[in-house]
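The values are calculated or read from the model by the stated rules, or taken from the named source; none is laboratory data. None of the values given here were measured: they were computed from a predicted structure. A quick note on method: Cβ atoms are made from the backbone with ideal geometry, for glycine too, and the neighbour counts reach across all protein chains shown.
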Ligand code: LRH
């Protein structure tokens, strides 16, 4: 069979990678060509993307792929997490260092926006959940600080747009990541200038929106010369990582399910054909993000494995170098259902000493205070699973249709304890896979752009043919249901 190769770059919270996908017409196979750490840099009290170093790593990734004998890659696609961006002057030069969304300059901006425009107005226009880090609030913070860069900025590009531009010389704004900004009109799928005016931020630096699957351009002559490679097309994929991950959910039948894209974040929701912007969804603070092939990702951001990852880092700082396996084993030996946290409580948003903050949370809420890593991890894993239950309940309440299963995708499914707990907490079958969801969805959209895959359903069938899916059934319903009542006394949605 004819083989088509594409190269997917995915930038996650701890690493970036270049994955080579080979498609034979029925199945995808995957090979990691390059992996590098993605270290944001704290400098002068600001938290930044190390953009040039990462561009260097992209070039390394292409070069390694070519040197490994894959000069015949037919496309390249790039995705990153949402909301972050850079500004360019009229000569096409990057102005300053793009900020990382965990930078604290946006604190207080949601309240300011509420005073200026009202949250309901913003939600009705954008359909987007209120995260303190949304691009809208990043711009408002720059405005408030009188950042001089705003005065000379000519164009705004999101992170994947930036890399696409550096590779091709072409500036475009890809739709799925643009939707995370809270600056896009949810109905027109275009920039909302009225909202920008009301927020007192620039209106004329936003470019043409292109849909996932659009070819942005080809590698520039300079890059081809530097890397010794042919003029490979660069495709705007679902360049928001979550859009790519959701595109890979291996469902081909028409049945109601929720997906959870798990990693540092857990993004849980369902896929819709049109946005759901109502008082109820505003109250639940759900989001309507742009998906591939005209779909809407109706979901909720949940702080995923972040608290576990950050706890592990804290213990390492104290000289205790646990592996994730060590932690999982310790958690299995801890007593179940002793205490719960709200993973989305702002206590846990910033990096730092999570075990201490968890103990403080439990103390403050009058619960058993977890000691030791086993109790801490069990507390977090069960709390996360119950948060998934809460969101599943909300989806059923909003859509008035029962969910028959939960699909979990992404690196987080390597945490089998959380998968098992999710089945038990939700009382639903959990289907876990693929692990490499984001780069797989990225590759599927590249193959659509090349005309090798005809539709989203076809793409999902191919993902299903190619990667394993593991099933988890609910266990011990009685105790989980009882514990859920206790959880609801500590945690509410919203
Ligand atoms: C997940 C993610 C999520 C965003 C957050 C900033 O990686 O893209 O969808 O809300 O990061």
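General observations
- Test: residue 340 is within 30 Å of residue 107 (Cβ to Cβ) and assigned to a loop (DSSP other than H, G, I, E, B): yes
Rundown of residues vs (1) under 30 Å from residue 19 (Cβ atoms); (2) more than 20 Å from the chain's Cα centre (by Cα); (3) at pLDDT 95 or above; (4) part of a strand (DSSP E or B), yes/no style:
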residue: 379; (1), (2), (3), (4): no, yes, yes, no
residue: 384; (1), (2), (3), (4): yes, no, yes, no
residue: 393; (1), (2), (3), (4): no, yes, yes, no
residue: 402; (1), (2), (3), (4): no, yes, yes, no
residue: 412; (1), (2), (3), (4): yes, no, yes, no
residue: 417; (1), (2), (3), (4): yes, yes, yes, no
residue: 423; (1), (2), (3), (4): yes, yes, yes, no
residue: 438; (1), (2), (3), (4): yes, no, yes, no
residue: 442; (1), (2), (3), (4): yes, no, yes, no
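- Test: residue 374 is at pLDDT 95 or above and closer than 30 Å to residue 283 by Cβ: no
- Condition met for residue 137 (within 13 Å of the ligand (Cβ to nearest atom) and in a helix (DSSP H, G or I)): yes
- Checked across segment 372-381, the condition of being at positive phi and free of Cβ contacts under 8 Å to residues at least 60 places away in the same chain holds for at least one residue.
- From the options 335, 346, residue that is surrounded by fewer than 14 Cβ atoms within 10 Å (Cβ to Cβ), out of contact with any strand residue (DSSP E or B) (no Cβ under 7 Å at 6 or more places or on another chain) and within 22 Å of residue 483 (Cα to Cα): 335
- Residues being surrounded by 16 or more Cβ atoms within 10 Å (Cβ to Cβ) and not in a loop (DSSP other than H, G, I, E, B) - total across segment 349-370: 7
- Only one of 60, 115 that is away from the ligand (no atom under 16 Å from the Cβ), loosely packed, with under 13 Cβ neighbours inside 10 Å, modelled with pLDDT of 95 or more and over 21 Å from the mean Cα position of the chain (by Cα): 115
Each row is one residue, and each column tells you yes or no for (1) surrounded by 14 or more Cβ atoms within 10 Å (Cβ to Cβ); (2) under 28 Å from residue 198 (Cβ atoms).
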position: 26; (1), (2): no, no
position: 34; (1), (2): yes, no
position: 38; (1), (2): yes, no
position: 45; (1), (2): no, no
position: 51; (1), (2): yes, no
position: 88; (1), (2): yes, yes
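- Exactly one residue out of 275, 250, 233 is under 22 Å from residue 448 (Cα atoms), out of contact with any helix residue (DSSP H, G or I) (no Cβ under 7 Å at 6 or more places or on another chain) and in contact (Cβ under 8 Å) with a residue 40 or more places away in the chain: that is 233.
- Wholly within segment 144-231, helices (runs of 4 or more DSSP H) carrying at least 1 residues that are in contact with a strand residue (DSSP E or B) (Cβ under 6 Å, 6 or more places away or on another chain): 149-152, 159-168, 175-179
- Scope segment 453-494; condition surrounded by 14 or more Cβ atoms within 10 Å (Cβ to Cβ), outside any helix (DSSP H, G or I) and in contact with a helix residue (DSSP H, G or I) (Cβ under 9 Å, 6 or more places away or on another chain); matching residues: 453, 467, 472, 474, 491, 493
- Restricted to segment 63-90, and to residues there that are part of a helix (DSSP H, G or I) and touching a residue at least 60 places away in the same chain (Cβ under 8 Å), the residue that is nearest to the ligand (Cβ to nearest atom) is 63.
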